[in-house]
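Read the structure below first, then the notes.
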Amino acid sequence: MSIDKSLFERIGGIEVIRKVHHIFYNKLFAHSWLKQYFVEHPQEIFENQQTDFMISIMGGPKRYAGLTPKAAHSNIVITDELFEIRSQILSESIKECGVADDIREEWLTADRSLKKAIVKTSAADCTTRRPDQRIYDIPKPQ
Ligand code: HEM
C-alpha cells in the first residue's frame, strides 16, 4: 500500500521552506513598495511566522499558533496589484532555491489560497485590532 506524500514532504521539508522564505523576505525587505509594510517586527519574525503557517497548510507538523491570515492583515490594504507583485517575488524565490516547477506551482497555489481572505479595495475594508494600531494604506512608489 502506498500513501501519497504531503506537499511539505515533496518540497523537502522545513529546511527548504526556511531557505525560500529567507530569500523571499530579503527581497521583500529590499522592495520599494513592499518593505513599507514590514516595519513592526524584525525580518526573522516574519520568516518564522510565514514558515510555520505554510508548513501547517502544506500537510506538515502543526507549528503555527498565530492569528488567522484574515485577522493578521485586517489593518492592511492589500490590493490585487500588491498581492500579485508579492506572488511573483515568491515564485522567483522558490525558483532560486532549485525547487522543481511543478512543486513551485503547488506552493504558489497554496499561498494564493489566502488571497480572498486578505485582498481589499480600500481602507474602508480595514479594521484595527488595537487602539494604537495603524492602517497601512500605502500608495505604489512612482
Ligand atoms: C502583499 C501581501 C501581504 C502583505 C503586505 C503582508 C504583510 C504582513 C504584515 C505587515 C504582517 C504583520 C501583522 C502584525 O503583526 O500586525 C503579516 C503577518 C502575517 N502574514 Fe502577511 N502579508 C501579505 C500576504 C500574506 C499571505 C499571502 C500569507 C499567507 C500565505 C501571509 C501570512 C502571514 C502570516 C502567517 C502572518 C503572521 C500572523 C500572526 O501570527 O500575527 N501574508 N503580513
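The values are calculated or read from the model by the stated rules, or taken from the named source; none is laboratory data. These figures come from a predicted structure and were not determined experimentally. With ideal geometry, Cβ positions are generated from the backbone for all residues, glycine too; neighbour counts draw on all protein chains shown. For accessibility, only protein heavy atoms count, side chains too; no ligands or nucleic acids. Shrake-Rupley method; radii C 1.70, N 1.55, O 1.52, S 1.80 Å.
Side notes on the structure shown:
- Qualifying residue in region 61-76 (condition: over 25 Å from residue 14 (Cβ atoms), in contact (Cβ under 8 Å) with a residue 24 or more places away in the chain, within 9 Å of the ligand (Cβ to nearest atom) and in a helix (DSSP H, G or I)): no
- Among the candidates 80, 4, residue that is among the acidic types (Asp, Glu) and touching a residue at least 24 places away in the same chain (Cβ under 8 Å): 80
- Test result for residue 85, modelled with pLDDT of 95 or more, of a type in the set (A, V, I, L, M, F, W, C), surrounded by 11 or more Cβ atoms within 10 Å (Cβ to Cβ) and in contact with a Phe, Trp or Tyr (Cβ under 6 Å, 6 or more places away or on another chain): no
- Every listed requirement among (1) open to solvent by less than 60 Å² (accessible area, probe 1.4 Å); (2) modelled with pLDDT under 95 is met by residue 3 save one, (1).
- Taken over region 61-93, the criterion of being closer than 17 Å to residue 47 by Cα and hydroxyl-bearing (Ser, Thr, Tyr) is satisfied by 64, 68, 87, 91, 93.
- Qualifying residues in region 109-127 (those that are assigned to a loop (DSSP other than H, G, I, E, B) and near the ligand (Cβ under 10 Å from one of its atoms)) - the one surrounded by the most Cβ atoms within 10 Å (Cβ to Cβ): 114
- Tabulated pairs, region 83-106, first of a type outside the set (D, E, K, R), second part of a loop (DSSP other than H, G, I, E, B), C-beta under 8 angstrom, 6+ apart or interchain: 85/31; 85/33; 89/31; 99/12
- Applying the condition of being touching a residue at least 24 places away in the same chain (Cβ under 8 Å) and not in a helix (DSSP H, G or I) to region 13-60 and asking which residue is most open to solvent (accessible area, probe 1.4 Å) yields 32.
- Any hit, region 64-71, residues being in contact with a His (Cβ under 6 Å, 6 or more places away or on another chain), over 17 Å from residue 115 (Cα atoms) and either loosely packed, with under 15 Cβ neighbours inside 10 Å or at pLDDT 95 or above (or both): no
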